[in-house]
Structure formats: C-alpha cells, structure tokens
Amino acid sequence: MTYQELLTTAKNAFTEVEIREPDIDAKLLLLHVTGFSSAELFLHLPDEAPREKEEKLLELVEKRKTRYPLQYIIGEQEFYGLSFKVSQDCLIPRADTEILIDEVLKVIKDGDELLDTCTGSGCVLITLMKHRKLKSATGLDISEKALKMAKENAKRHEVNPKWIHSDLFEKVTDKYDVITSNPPYIDSEVLKGLQPEVKDFEPNMALDGGKDGLEPYRPLCEGAFNHLKDGGYFLTEIGYDQGEAVRKIFEEAGFSEVEVIKDLAADDRVVKGKRNVR
C-alpha cells in the first residue's frame, strides 16, 4: 500500500469504532511508525510503503481500535511546548492543566522552593523548572511507578528535582514557597461513564476523587497550609464545576485571597490560595 492508502485505511478503521478524531489519530500513528515530519509525509503520500512499516501500522491500528489511548501507543504527549514520556503508570498530560501552569507562573519567582504533589508524569514540576530558576523543586506521588516515569522525564529535560514517595504530605517535612497539585477529582460514578480511553486504561488512582470528586481536597488543603511558608501559595487543578466547593475547603483550611480561575471554555479549572504572613 502507498502511504496515502495506509492513512485512509487507518482513518476508516477509526471511524468505524467512533474514535473522535479518526483523521488526526491516523496521521499521528503513521508519523510515529515512519519517523517522518508532517511535511515529509505529505511528500511521500504517493510512495509505496515498505512492508514492515505497513505491518507495524496495521498492528497499531488494531490496538487503537480497542480504544487504547493513542498517547500510550506513541509513548509521548506534548504539554506546554514540551514532550513528555507517558505510559499506563501515569495520567496523560492534558491541555486543561496548562491553565495551572499559567497561574503558577504569575506567583512563583526565581529562588523559590516548589513542591508538586500528585506529580504523575512530572509535567507540572518539570515545566515550572524550565521557566523559573528555583532554589529547589520536589515532586511527590503515592505511585512508585509514576515517580519512575517522572524521573525519566526530568532526565529528558535536563532538570534535577527531588522526589518523595508519599501518600500526600505523610513524609513531607520541609516548607515551600509554592505548592501545586493536580489530584484525582472525578466523581466515582461519573468516571464509570467516561470514554473507554480514560476509564479503562488510565490509572484509576489518578482519576477517582470519590463519591463527589472532592475527597482529595480537604487533606490537600490542610497539608499544603501546614507546609507553606508565610506568604506562600497553593494552587490546584479542579473539575469544571467544583470551584465554589473547593473555595470553601481552601477557606476552611485557613487560606486567604482564595480565587477560582476559569479556563478558556469558562469552566472552573484552578483554585489558588495564599497563606498570609502572620
């Protein structure tokens, strides 16, 4: 088959199983298999594909048809202009979380000390380290497998954070200028109805926020308040309709200047609070 025929075959296969963007997935898989850039693929579309490339693509098409996430097949996902390695050991970085980065960059300064809880792939921690010259940066996660992936991403991007394997703040002893988090915040019942790519393949512990999606926020807020320096900030990603509920949890934990930030779709996305100087 030519590259054009392979592209069409993949697109048609994905359309049949109602994958949301069949043309994009087909192109990304073909780019992955061939190693071409988009421009190179365009030039080679009329050419006959080598047999091994054809077989490899068709194999991956069958895997994707099971709704196995494209990002896990390719092994990478772009986030805030950087490419991160991903596997089923960690959540796939999402564009929604870039709002968290935008907000942190407004308050974090060169020389600050940062703690990123629920670090997963390390995308938040590493991105912030690439944008600020921090005195220290630490990634924390309950999953040893996720921390292993985060360490690989740190090496890829030539940064050297500290790491803590801990259930939230259980093993945290230091205090920080900024603490960030992207915790599990999906309602357990809602999670059951999400697309197969999410509910069947991404790590449940990184998604399930309990019966109302809010279970992680109370221990997070209490722990963050206790481990922030005076004047420090805690920022966390939230679900699209959780702003006011999480705002209340922040205020109950002692935070002031609590703010709910919306994303480009006008959905709740980040809550920010400050530990005021006493």
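The values are calculated or read from the model by the stated rules, or taken from the named source; none is laboratory data. Fair warning: this is a prediction, and the values are worked out from it, not measured in the lab. For neighbour counting, all protein chains shown are included, and Cβ atoms are generated from backbone atoms with ideal geometry for every residue, glycine included. Keep in mind that these areas ignore ligands, DNA and RNA; they rest on the heavy atoms of the full protein, side chains included. Shrake-Rupley method; radii C 1.70, N 1.55, O 1.52, S 1.80 Å.
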| request: Would you mind counting up the charge near residue 249? Only other residues with Cβ under 12 Å from its Cβ, with Lys and Arg at +1 and Asp and Glu at -1. | output: -3
| field | Interchain or long-range residues, amide H under 5 Å from residue 270's placed H | value | 238, 261
| note | Hull volume per residue for region 102-217, using the convex hull of the C-alpha atoms, in Å³ is 110 Å³
| task | Would you check the accessible area of residue 201, probe 1.4 Å, heavy atoms only, in square angstrom rounded to 10? | result | 40 Å²
| query | Long-range amide H contacts for residue 49: which residues qualify at under 5 Å (H placed 1.01 Å from N, peptide plane, sequence gap of 5 or more or a different chain)? | reply | 2, 3
| Where the chain is the region considered: accessible area per residue in Å², 1.4 Å probe | 49 Å²
| Proximal charge balance of residue 68 [Cβ under 9 Å; K/R count +1, D/E count -1] | +2
| remark: Taking 0.36 nm per residue of separation between residue 200 and residue 252 and subtracting their Cα-Cα distance, the length gained on full extension comes to 15.2 nm
| Protein accessible area in region 61-146, 1.4 Å probe - carbon and sulfur % | 44 percent
| query | So what is the diffusion coefficient of region 133-200 in µm² per second by Stokes-Einstein at 37 °C and 0.692 mPa s, using a Kirkwood Rh over Cα pairs? | reply | 229 µm²/s
| field | Dimensionless Rg over Rh [region 184-268; C-alpha; Kirkwood] | value | 1.01
| query | Per residue Cα convex hull volume for region 7-138, in cubic angstrom? | reply | 125 Å³
| query | How much accessible surface area, in Å² rounded to 10, belongs to the heavy atoms of residue 129 with a 1.4 Å probe? | reply | 40 Å²
| field | Per DSSP, loop GluC sites (Glu not before Pro) in region 165-266 with at most 14 further Cβ within 10 Å | value | 170
